[in-house]
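I have placed the structure first, in the form of structure tokens, so that the comments after it can refer back to it.
The values are calculated or read from the model by the stated rules, or taken from the named source; none is laboratory data. Every value quoted in this text rests on a predicted model; they were computed, and no experiment measured them. Cβ placement follows ideal geometry from the backbone for every residue including glycine, while neighbour counts extend to all protein chains displayed. Ligands, DNA and RNA are excluded from the accessible area calculation, which covers all protein heavy atoms including side chains. Shrake-Rupley method; radii C 1.70, N 1.55, O 1.52, S 1.80 Å.
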Amino acid sequence: SRNGEFSLEEAQERAKNALRTIRYASNEYLFVLNKDAILLVHGARQWIEGKDFSQALDPTGFNYPQAMIAKAKSGGGHTHYYFPRPGSDVPAPKISYNLLYEPWGWIIGAGLYEEDIDAVIWNALRPFALIAAGMFVGVSFLAFLASKQLVDALEGRRKAEQESLQASKLASIGQLAAGLAHELNTPAQYVGDNLRYLGEEEVGLLKAVQSGTKLSDQEASELANDLSQAVKEGLEGIERITKIVGSMKDFANIGASEMAAADINKALDNTLTVCESMWKPVAVVERRFAADLPMVICQIGEINQVFLNLILNAIEAIQLHDRPRP
């Protein structure tokens, strides 16, 4: 116009023409996208200008235009992707830097092929290669001596850590064994008491049958109730022992090193069962497990050990506070 101003459309067209001619690093070019991933400028392939690249993917399935736009909107950044060189249809690894020109909503990009970057770096380093080779021999020998000392020190530290970890595991297992002995003893004791009672009553009943002694209705009723209660308690004791032993069997996988699918709910439930005698005097535990929890790939023995350590730590923390228990 006469006062030196352009319309927006003319200014953008002049900018496009200028950007198409810019070259750097030998024959590299600039390109421009808008925020909708429409290609506005391409310095090497003008015939693809105006194309919608919003769904464009490189051979790895990566949507590089959307990544460029996101980087530009966040203040600028690099995007790694695959794109053919000018005159070729074979995608090659490329890195692009993109910035946003906010007034027009333009994403301006400049890129280099990674092979070209490697070539430039290698050419720059070539004069130093011979010098570096000589230094490498001397430094390598010193590094060998230093690394040997470091490896020896780390190996000693690793062994000390393993021994400490093993001692910690043995200590917690020792506590667990003591608690299990007590936990098994209680149901085993009343199973034994009820079996002895049944044995004694059996002798009395056999003698009554042999002698033809008839029990009164009250005696018969009381005896039937007592025998039924003894059998019920005995079965409950056996069930309790079976549950504890089953939990012990699952928990005893502590040394397993293989990765496998495991039920985390069951693992925690087993751990709570085998150490119940330890937490029951000091705390109340509510088991609220997620019904839809998927199987987890893990070393379940190590998970069991973690659960046990957490429970033992909680017990100790509770015991350190003067509060009513459980």
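Quick look at the numbers
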| quantity | calculated |
| --- | --- |
| Given the chain, longest segment not containing exposed loop trypsin sites (Lys or Arg not before Pro) (DSSP; at most 10 other Cβ within 10 Å) | 3-213 |
| HN-Hα J in Hz across region 68-80 - Karplus 6.51, -1.76, 1.60, θ = phi - 60°, x for Gly and Pro | 4, 4, 4, 5, 5, 5, 8, x, x, x, 8, 10, 9 |
| Accessible-area composition of region 185-270, carbon plus sulfur, in percent [1.4 Å probe] | 55 percent |
| Charge dipole (debye, nearest 20) of the chain; +1 at Cβ of Lys and Arg, -1 at Cβ of Asp and Glu | 1420 debye |
| FRET efficiency for Glu49 and Ile318, using Cβ-Cβ distance with R0 set to 51 Å, rounded to 0.05 | 0.10 |
| Relative contact order (%) - region 38-81, alpha-carbon pairs under 8 angstrom, separation at least six | 25 percent |
| Heavy-atom accessible area per residue - region 204-326, 1.4 Å, Å² | 67 Å² |
| Computed lengthening from Tyr190 to Leu205, 0.36 nm per intervening residue step minus Cα-Cα distance | 3.2 nm |
| Whole-number percent relative contact order across the chain, with pairs defined as alpha carbons under 8 Å at least 6 apart | 10 percent |
| Ile38 long-range amide H proximity, modeled H, under 5 Å | Phe53 |
| Virtual spin-label span in nm between Lys16 and Phe62, 7 Å along Cα→Cβ | 2.9 nm |
| For region 1-124, alpha-carbon Rg and Dmax in angstrom | 15.4, 54 |
| Amide H contacts of Arg85 (H built 1.01 Å from N, under 5 Å, at least 5 apart or other chain) | Val90, Ala92 |
| Average projected area [Cα convex hull, the chain], square nanometres | 38.8 nm² |
| Whole-number Å³ per residue for the convex hull built on Cα positions in region 184-314 | 156 Å³ |
| C-alpha center-to-center spacing [region 54-82, region 10-41] in angstrom | 17 Å |
| DSSP loop chymotrypsin sites (Phe, Trp or Tyr not before Pro) with at most 16 other Cβ within 10 Å: longest gap in the chain | 105-288 |
| At R0 = 41 Å, FRET efficiency that the Cβ-Cβ distance of Asp152 and Lys35 yields, to 0.05 | 0.10 |
| Residue list for region 95-111, given a label point 7 angstrom along the Cα-to-Cβ vector of Ile121 and an amide N cut-off under 15 Å | 95-96 |
